[in-house]
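Visitor: Got a structure here, written out as structure tokens. Questions coming.
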Amino acid sequence: MKNRFSFLAAAGLLFALGACEKDEVQVTANASPAPTLTANATDAGTLLSSNATKTAVVYSWTPVTFTLSDGSKPVVPVTYTLEFAKTGTNFAVVGTVPAGTNTTRDSVKVSDLNSALVKAGLTPTLPGTVDVRLRASYSGNQADMLSGVSKISAVPYSRDLYFYGASIGPLGSESPLIREQSPAKFEGYVYVPNATNAFKLSNTASASGTVFGNAGGNNTISSSSTTDFTLAGPKMYRVSVDLTAGTLTAVATDWGIVGAATTGDGTGWNQSIPMVYDTKDKVWKLTGVTLPGLGTNSEFKFRANNAWTINLGDFKDKPGTRLVQDGGNLTTSGPGKYDVTLDLRDPDKYTYSLTKQR
């Protein structure tokens, strides 16, 4: 069945209206059939984070094209997306991989495929199979076109370790987590609310994952241990896990801002202004803090424990997008009172806000 839509409503075709001499002349376009999706493999094998940038599978497809009622063949922007869903679920929960605009193939990286498979519902470290289809989008008022469904099998890995326990909360999508920063090495910030906090870690946010406990009671992490880890609180910790070495380390952190912006001169780099952790909003805050710095003296950073061992600054490759360890200096917009927040919940994207009070 051909997909036929009004030329007047088709984004990307409006340029041709100049060829119409009368407003009442309506040009229509016939779309080609839905794309046919093929792959160079049906089993991606065991995915490894050490191969994250390598190609896992190559998908190719027939493009969606258009023919106008006047016989011309304009180029219409068609955006393609690969969709992955656990086999038999009718795409109820979908993991996606963007496949470009006006493309005919996509070499899917291991990291992208892995993320899509985990989002689709496969359990890390266990083999599974997903259904795959291609979605083609080309006009805001037209239904997307979908390819036929194929399958691919793989053993995904987990990039996240989720914390759960009586004081931290049940295992689920809202559980605090740390994320893999290099193969088998995880790091992130976790707040524990009680005086004593017992917990375990899981590589999924559901009961189907692998659970890690405290082997021997000495913070040796192992999937064969049922013993809880414990941390004193209330406190935020920078937690590091090395699954290869079998170690878990936790460093308590109290955050503050430091820099010339806090004093208006170089002495501001010697002493942090403490921030307060807001347990409701789950961010560190300073409200109505006076920052007198101007020009080169408007620079500041975030650091923990009034020391430089743990500090966060601007991501130099893409300034303003996120905070990174030992990053560049941040700046205020000039002297004034500010509300400052520091958000450490997403291990891939530590962020802050700086709002000048009126």
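Just so you know, all these numbers are worked out from the coordinates, no wet-lab data involved. Everything numeric here is computed off the predicted structure, so don't read it as measured data. Positions of Cβ are generated from backbone atoms using ideal geometry, with glycine treated the same way; all protein chains shown enter the neighbour counts.
Visitor: Rounded, prolate or oblate: pick one for the chain, where a ≥ b ≥ c are the square roots of the eigenvalues of its C-alpha gyration tensor, a/c under 1.5 means rounded, and failing that, prolate if a/b is larger than b/c, else oblate. Numbers along the way, then the final one.
Guide: Working: a/c = 2.94, a/b = 1.45, b/c = 2.02.
Judged from the Cα gyration tensor, the chain comes out oblate (a/c at least 1.5, b/c at or above a/b).
Visitor: Give the residue list of trypsin sites (Lys or Arg not before Pro) in segment 255-292 that are DSSP loop and have at most 11 other beta-carbon atoms within 10 angstrom.
Guide: Numbers: sites: LYS280, LYS282, LYS285; in loops: LYS280, LYS282.
Here the sparse-neighbourhood loop sites are LYS280.
Visitor: Around GLY165, under 12 Å between beta carbons, what's the net of Lys plus Arg minus Asp minus Glu among the other residues?
Guide: On the way: positive: LYS200; negative: ASP228.
Net of charged neighbours comes to 0.
Visitor: Extension gain THR103-SER72, at 0.36 nm per residue separation less the Cα-Cα distance, in nm? Mind showing how you got there, number by number?
Guide: Working: separation 31, 0.36 × 31 = 11.16 nm, distance 2.06 nm.
Between THR103 and SER72, full extension yields an extra 9.1 nm.
Visitor: Okay, next question. Can you give me the relative contact order of the chain as a percent, contacts being Cα pairs under 8 Å and 6 or more apart? Display every interim value, and only then the final one.
Guide: Working: 896 pairs, mean separation 36.4, N = 358.
Relative contact order, the chain: 10 percent.
Visitor: Still on this model: Given Cα pairs under 8 Å that are at least 6 residues apart, what percent is the relative contact order of segment 255-356?
Guide: Values: 253 pairs, mean separation 27.3, N = 102.
Reported as a whole number, the value is 27 percent.
Visitor: What ranking, highest mean first, results for peptides 320-328, 196-204 when packing means the other Cβ atoms within 10 Å averaged over each residue? Don't jump to the answer; show the numbers that get you there.
Guide: Working: 320-328: 14.2, 196-204: 21.0.
Going from most to least packed, we get 196-204, 320-328.
Visitor: Too long at a 30 Å Cα-Cα cut-off: which of LYS109/LYS316; LYS54/LYS235; LYS200/LYS337; LYS151/LYS282; LYS119/LYS301?
Guide: Listed pairs above 30 Å: LYS54/LYS235; LYS200/LYS337; LYS151/LYS282; LYS119/LYS301.
Visitor: Moving to a separate point now. At what distance in angstrom do the alpha carbon centres of segment 128-187 and segment 290-319 lie from each other?
Guide: Computed from Cα coordinates, the inter-centre distance equals 34 Å.
Visitor: Also, quick follow-up: Which of the listed residues, ASN40, GLY88, THR62, is farthest toward the dipole's positive end in the chain, when Lys, Arg count +1 and Asp, Glu count -1 at the beta-carbon?
Guide: Ranked along the dipole, the leading option is GLY88.
Visitor: Let me ask something else about it. Once phi is turned into ³J(HN,Hα) by the Karplus curve 6.51 cos²θ - 1.76 cosθ + 1.60 with θ = phi - 60°, what whole-Hz value does each residue of segment 88-102 show in order, with x for glycine and proline?
Guide: After applying 6.51 cos²θ - 1.76 cosθ + 1.60, I find x, 9, 6, 6, 5, 10, 10, x, 10, 9, x, 10, x, 10, 6 Hz.
Visitor: Can you classify segment 255-356 as rounded, prolate or oblate using the Cα gyration tensor, where a ≥ b ≥ c are the square roots of its eigenvalues, rounded means a/c under 1.5, and otherwise it's prolate if a/b beats b/c and oblate if not?
Guide: rounded
Visitor: Now a separate question. Taking H as built 1.01 Å from N, whose amide H comes closer than 5 Å to the amide H of LEU48, not counting residues under 5 places away?
Guide: Amide H neighbours of LEU48, under 5 Å, 5+ apart: none.
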